[in-house]
Amino acid sequence: MVAPSTAINRFDLGITIEEFNLVANQAGFIGPSVLRPMIVREQSGNIPKVPDNELSSVPETARAPGGAYKRDTFEFDSLGYTCSEHGREVPLDDATLAVYASTIDAEAIAVRRMTHQILSRYEIDVAAAVYNTSVWTGASLTTTIATPWSTHASSDPINNIQAAKEKGIALGVEYNSLVCSRRQLWHLLQSAQLLARMSDVRNKDNSTVKSALLELLDLDQIIVAGGLKNTSSQAQTAAYSRIWGIDKAMVCRVAMTDDPSEVCIGRTILWNGDGAGAAGTEQALALLTEEYREEGVRGSVIRGRNWRGLKIMFAKCGHLLSNVAES
């Protein structure tokens, strides 16, 4: 018989969905913005998916006098998912806590460090799922840019993005977002093509330029990725690279609401079956935090964990660009 866990839920240290998104944003991570989180009640199961032939269908709405209204016969397809468990632990020795009790909040620092580690792995997994060349393949779903955006004098970023959007239209999807790294955005803003288009913009502060760029590209948002990863093992000298890289970018349709039937590129599926809600609130927890004693070293262990799965809903809701930048 499995012994019951002695760990206690630390709801005061748990991370809600809103806090999860905020902490990710502060770290320069974009995972929750690209694959919007959705809470589910089971560790594995099915979520609703709009049938492909219903994506852009236009139903008849006319009614003849005395006649009946047309009724919606729409039915969802189902899409299977499975959530796997992810987590990290941080030991807190009683003696260490006593020494530093007056100068630092060691518990809060431990939770921040642990949360960043879990978020970093999540971000790496989202980037791998979205830039998956096994999913996005063929002329309708991917384009290799002829002149990278890092060639400022002759690159054609505006038309590259517009051409990708037209590929989406041909598949019945209107893209609403550009996913790119900070370096790629910098190259885009340095292109002679864009500078010529914005020559009449008087106030060139960041917010004005971003607004003008969104209008020019006819997109709702540009999701700009930061974040680094160490590609070396723990015993080796650190070697850092961008999590999202500079070779690829994605023009896509991301979810803007919590409606599970919304047509989008994909979702992050979150399940916390043994601690889904923060005490005293109706807020769902994206990261459950626990504490248990470890008497062998006379200390406590803080553990953060969640169950998650990444699900690509519609490959045609994204068009993958490669050769975007060379450096």
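Taking other residues whose beta carbon is less than 10 angstrom from the beta carbon of R298, and scoring Lys, Arg as +1 and Asp, Glu as -1, yields -3. Stretching the chain fully between A238 and V301 yields a gain of 19.9 nm (0.36 nm per residue, less the alpha carbon separation). Packing around the peptides 212-225, 117-130, 177-190, 145-158, taken as the average count of other Cβ atoms within 10 Å per residue, puts them in this order, highest first: 177-190, 117-130, 145-158, 212-225. Would you please classify the overall shape of the range 70-167 from the alpha carbon gyration tensor, given that a ≥ b ≥ c denote the square roots of the eigenvalues, rounded means a/c under 1.5, and beyond that prolate means a/b larger than b/c while oblate covers the rest? Because a/c hits 1.5 or more and a/b fails to exceed b/c, the range 70-167 counts as oblate. Here K248 is the anchor, and the lysines within straight C-alpha reach of less than 19 Å, apart from those fewer than 8 places off in the same chain, are K165, K167, K229, K316. Calculated FRET efficiency, S322 to R88, Cβ-Cβ distance, R0 = 41 Å: about 0.80 to the nearest 0.05.
Taking 18 Å as the cut-off, the amide N atoms of the range 1-40 that come nearer than this to a point 7 Å along the Cα-to-beta-carbon line of E291 belong to 5-16. Over all other residues within a Cβ to Cβ distance under 12 Å of I269, the charged ones net out to +4, with Lys and Arg as +1 and Asp and Glu as -1. Summing Lys and Arg as +1 and Asp and Glu as -1 over all other residues whose Cβ lies under 11 Å from the Cβ of E326 gives a net charge of 0.
Using the Cβ-Cβ distance between S211 and W186 with R0 set to 22 Å, the FRET efficiency from 1/(1 + (r/R0)^6) comes to roughly 0.80.
Our estimate of slack between A27 and Q221, defined as 0.36 nm per intervening residue step minus the Cα-Cα distance, is 68.0 nm. Helical content alone sets the calculated 222 nm signal of the chain at -8000 deg cm²/dmol, taking -39,500 (n - 2.57) per DSSP H segment of four or more residues and averaging over every residue.
Shape of the chain from the C-alpha gyration tensor: oblate (a/c of 1.5 or more and a/b not above b/c, with a ≥ b ≥ c the square roots of its eigenvalues).
Read-outs throughout are calculated quantities, based only on the coordinates presented, and are distinct from any laboratory measurement. Since the model is a prediction, treat every value here as computed from it, not as a measurement. Note that each Cβ is placed from the backbone with ideal geometry, even for glycine, and that neighbours are counted across all protein chains shown.
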